[in-house]
Amino acid sequence: EHCLCSILVFIINDNIILRIPVLYGPVESLEESAITYLFIGLKKCQNTNELFKVSNYELRNPSSVDDIAHIVFNLVEKKIVSNNNISGIYQWCGKEMYTKYDMVAKIAKIFNMSMKQVVPVNGQGGVKRPFNTLLDVSRLNQLGIG
């Protein structure tokens, strides 16, 4: 077990890992992203009596794929310039914090859709998820990235 951890640390020390909790951006299908998937439920409840129950509990920090592309580019550039002195685990998340219900409300406003069939679910749902996906981005900030 100790040997495996040493190997993993060695591998990580020579590479860059970027952790990201929730992504959004252009998609080929709305099912591709947890964010765009919310639009499906919102649209479905517009002309029906069906309720769209959405978590208003867990906090999310969505990250734009465009922002992530810039961060990856900057990390690689700095790694090349620093002669490989940049490695390890880095984290990024968007600065804005929303519940899924907040995100649905923003989507509804943008597309001029009704929220009357959207029901906020307060409290933890059946599937246990992290309450807050805010990540420590200080390592990126120390490099002047972000």
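Just so you know, all these numbers are worked out from the coordinates, no wet-lab data involved. What you are looking at is a predicted structure, and each value in this text was computed from that prediction instead of being measured. FYI the Cβ positions are ideal-geometry reconstructions off the backbone, even for glycines, and counts take in every protein chain you see.
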Under the 0.36 nm per residue contour assumption, what length would be gained going from the current alpha-carbon distance of Arg129 and Lys116 to full extension? 2.1 nm
Mind listing which GluC sites (Glu not before Pro) in the range 17-48 are in a DSSP loop and have 12 or fewer other Cβ atoms within 10 Å? Glu28
Name the long-range amide H neighbours of Leu18: under 5 Å, sequence gap of 5 or more, or other chain; modelled H, no Pro or chain starts. Tyr90
In whole Å, what are the Cα extents of the chain along the three principal axes, biggest one first? 60, 34, 26
Packing-based exposure ordering (other Cβ within 10 Å, fewest first) of Tyr90, Tyr37: Tyr37, Tyr90
³J(HN,Hα), Karplus 6.51/-1.76/1.60, whole Hz, each residue of the range 124-130, x for Gly, Pro: 5, x, x, 8, 6, 10, x
For n ≥ 4 DSSP H runs only, could you compute -39500 (n - 2.57) per run for the chain, divide by its residues and tell me the 222 nm figure to the nearest 500? -11000 deg cm²/dmol
For Lys79, go through the aspartates and glutamates and keep the ones whose alpha-carbon is under 13 Å away, minus same-chain ones fewer than eight residues off. Asp14
Amide H neighbours of Lys53 under 5 Å, at least 5 residues apart or on other chains, H built in the peptide plane: list them. Val119
Long-range amide H partners of Leu59, meaning residues 5 or more apart or on another chain whose placed amide H is closer than 5 Å, are Asn132, Thr133
At Leu30 and Glu77, where each label point lies 7 Å from the Cα along Cα→Cβ, what is the point-to-point distance in nanometres? 3.7
Which value in nm describes the separation of the simple spin-label points at Ser64 and Glu96, placed 7 Å from the Cα toward the beta carbon? 0.9
Filtered hits (lysines, Cα-Cα < 25 Å from Lys106, offset >= 8 within chain) -> Lys43, Lys44, Lys53, Lys95, Lys116, Lys128
